[in-house]
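> My structure is below; once you've seen it, I'll send some questions.
The values are calculated or read from the model by the stated rules, or taken from the named source; none is laboratory data. For clarity, every value in this text was computed on a predicted model and none was experimentally measured. Here the Cβ is made from the backbone with ideal geometry for all residues, glycine too, and neighbour counts use every protein chain on show.
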């Protein structure tokens, strides 16, 4: 194991992973699956690897076998692992965790990597894939894929949390890759070879040039213009995250540096209006929820559900807005939204009406608030009344309590 004392785990990754696991009733679902004994995942992957790939064995590929075992030992990973090489021009590698304890995991390296990468860079790739196994990412992915098969719709807020967890898990795996090599330059060239498919040595590209280019591109994301939307963080984030892990001295310094990078991963959209709209949804929601003197869970949930389209942690965001000057936040957000797009006036009103309807009670104070808001954004009394009437026809349902 590396002598460096920094912990490779990321606290937020663990927290979100646990949250997703609990939301999907992981303990219950996994126990049901164990008793059903029908999962074919292991059989599928084993058949695919044994049938179409080359298994890395000491007598067949002694040098690469020794490299695989050395990386495994360096990371202190004792679980059995079968390594494979697949003839594939895609610059990629992957790992698959075994479903049963004691069975070997799988790590596959595509053949194209042997063309592009040095032995040291292959160490990074192997360390990264073993890092996924050490961090137990695959078990959570398997649970998610079972509860939400391809044809199922995943709730928006859960989609964002799953994506964020995947991205943070990649950063953790990168740290294990670094621990396997302890050479930041090797990690950086491996990243750029994976991204470009180019042999950088043949192209005469220097490490200094790569780092300088990465710093420039990172600025684009840090200044609010870029969004990391795929399951893997964008390379500028990955390189800087590893640079921090390789160079800082304390866990506190590492956490502070990572906080800035994670703000990029927390961004859901890059539209100019997104933040103003989130502030409106939260502040307007709080105003409507408290309008009649009673706070109903259904109303709060409606606000959070709407916020979930713009914020990965909608409840936390709502709590932060609640600590501020709510009327000032509300007025500022409305003003800026209408400057950008005056055509959304009715949509703003309809959102507030949806909060009123959510608890199945329509209080006189709430109706008055809707008319006052409509007037403030230049909607006529008739336009407001029409919007309320249409909402009643579309979604109003008397509460069970009121008719029993």
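> Take the conditions at negative phi, in the same structural domain as residue 181 (by TED's automatic domain parsing), modelled with pLDDT of 95 or more and outside any helix (DSSP H, G or I) and apply them to residue 109. Does it pass?
Numbers: at negative phi: yes; in the same structural domain as residue 181 (by TED's automatic domain parsing): yes; modelled with pLDDT of 95 or more: yes; outside any helix (DSSP H, G or I): yes.
Yes; evaluated as a whole, the condition is true for this residue.
> Would you confirm, using the coordinates I've provided, whether residue 269 is assigned to a helix (DSSP H, G or I) and either under 16 Å from residue 157 (Cα atoms) or at pLDDT 90 or above (or both)? Let's see the steps before the verdict.
Details: assigned to a helix (DSSP H, G or I): no; either under 16 Å from residue 157 (Cα atoms) or at pLDDT 90 or above (or both): yes.
Judged against the criteria, residue 269 is not a match.
> Scanning the stretch 186-197 for residues that are free of Cβ contacts under 8 Å to residues at least 60 places away in the same chain and surrounded by fewer than 15 Cβ atoms within 10 Å (Cβ to Cβ), which turns out nearest to residue 125 (Cα to Cα)? It would help to see each step written out before you state the result.
Here is the first cut: in the stretch 186-197, the residues free of Cβ contacts under 8 Å to residues at least 60 places away in the same chain are 188, 191-192, 195-196.
From the residues that got through so far, the ones that are surrounded by fewer than 15 Cβ atoms within 10 Å (Cβ to Cβ) too are 195-196.
Values: 195: 13, 196: 16 Å.
My answer is 195.
> From the list 202, 216, 223, 252, which residue is out of contact with any helix residue (DSSP H, G or I) (no Cβ under 6 Å at 6 or more places or on another chain), free of Cβ contacts under 8 Å to residues at least 40 places away in the same chain and closer than 23 Å to residue 161 by Cα?
Only one candidate passes the filter, namely 223.
> Right, another one. Looking at this structure, is residue 116 in contact (Cβ under 8 Å) with a residue 60 or more places away in the chain and within 28 Å of the chain's Cα centre (by Cα)?
On the way: in contact (Cβ under 8 Å) with a residue 60 or more places away in the chain: yes; within 28 Å of the chain's Cα centre (by Cα): no.
So residue 116 fails the test.
> Return the pair list, or none, for Cβ contacts closer than 7 Å from residues in the stretch 41-70 that are over 26 Å from residue 144 (Cβ atoms) to residues that are exposed (fewer than 15 other Cβ atoms within 10 Å of the Cβ), at least 6 apart or on different chains.
65/57; 65/58; 67/119
> Would you point out which residue out of 297, 320 is within 19 Å of residue 157 (Cβ to Cβ), surrounded by fewer than 17 Cβ atoms within 10 Å (Cβ to Cβ) and modelled with pLDDT under 95? Reasoning before the result, please.
Details: 320 fails: modelled with pLDDT under 95.
Going through 297, 320 in turn, the sole match is 297.
> For residues that are out of contact with any helix residue (DSSP H, G or I) (no Cβ under 7 Å at 6 or more places or on another chain) and part of a loop (DSSP other than H, G, I, E, B), tally how many sit in the stretch 272-322. First the steps, then the outcome.
Here is the first cut: in the stretch 272-322, the residues out of contact with any helix residue (DSSP H, G or I) (no Cβ under 7 Å at 6 or more places or on another chain) are 274-275, 290, 293-294, 296-297, 301, 305, 313, 316, 319-320.
Narrowing further to those that are part of a loop (DSSP other than H, G, I, E, B): 290, 293-294, 296, 313.
Number of matching residues: 5.
> Moving to a separate point now. Checking the conditions here, which among 219, 256, 260 is farther than 25 Å from residue 119 by Cβ and modelled with pLDDT of 90 or more? Don't jump to the end; show me each part of the working.
Details: 219 fails: modelled with pLDDT of 90 or more; 260 fails: modelled with pLDDT of 90 or more.
The conditions single out 256.
> Any residue in the stretch 5-14 that is at pLDDT below 90 and surrounded by fewer than 16 Cβ atoms within 10 Å (Cβ to Cβ)?
yes
> Pick from 292, 274: which is over 26 Å from the mean Cα position of the chain (by Cα) and over 23 Å from residue 188 (Cβ atoms)?
On the way: 274 fails: over 26 Å from the mean Cα position of the chain (by Cα).
Sole residue among the options that is over 26 Å from the mean Cα position of the chain (by Cα) and over 23 Å from residue 188 (Cβ atoms): 292.
> While we're here: Contact list please: Cβ distance under 9 Å, first residue in the stretch 146-166 and at pLDDT below 85, second residue surrounded by 15 or more Cβ atoms within 10 Å (Cβ to Cβ) and not in a loop (DSSP other than H, G, I, E, B), pairs at least six apart or on different chains.
Listed pairs, sorted by first residue: 155/305; 156/305; 157/304; 157/305; 157/307; 157/314.
> Considering only the stretch 168-182, I want to know if a residue exists there that is modelled with pLDDT of 90 or more, over 21 Å from residue 93 (Cα atoms) and either assigned to a helix (DSSP H, G or I) or in the same structural domain as residue 117 (by TED's automatic domain parsing) (or both). So that I can check it myself, show each step before the final result.
Taking the stretch 168-182 first, the residues modelled with pLDDT of 90 or more are 168-182.
Still in the running and over 21 Å from residue 93 (Cα atoms): none.
No.
> Using the structure shown, decide if residue 93 is in contact with a helix residue (DSSP H, G or I) (Cβ under 6 Å, 6 or more places away or on another chain) and crowded, with 17+ Cβ neighbours inside 10 Å.
Values: in contact with a helix residue (DSSP H, G or I) (Cβ under 6 Å, 6 or more places away or on another chain): yes; crowded, with 17+ Cβ neighbours inside 10 Å: yes.
Criteria met by residue 93.
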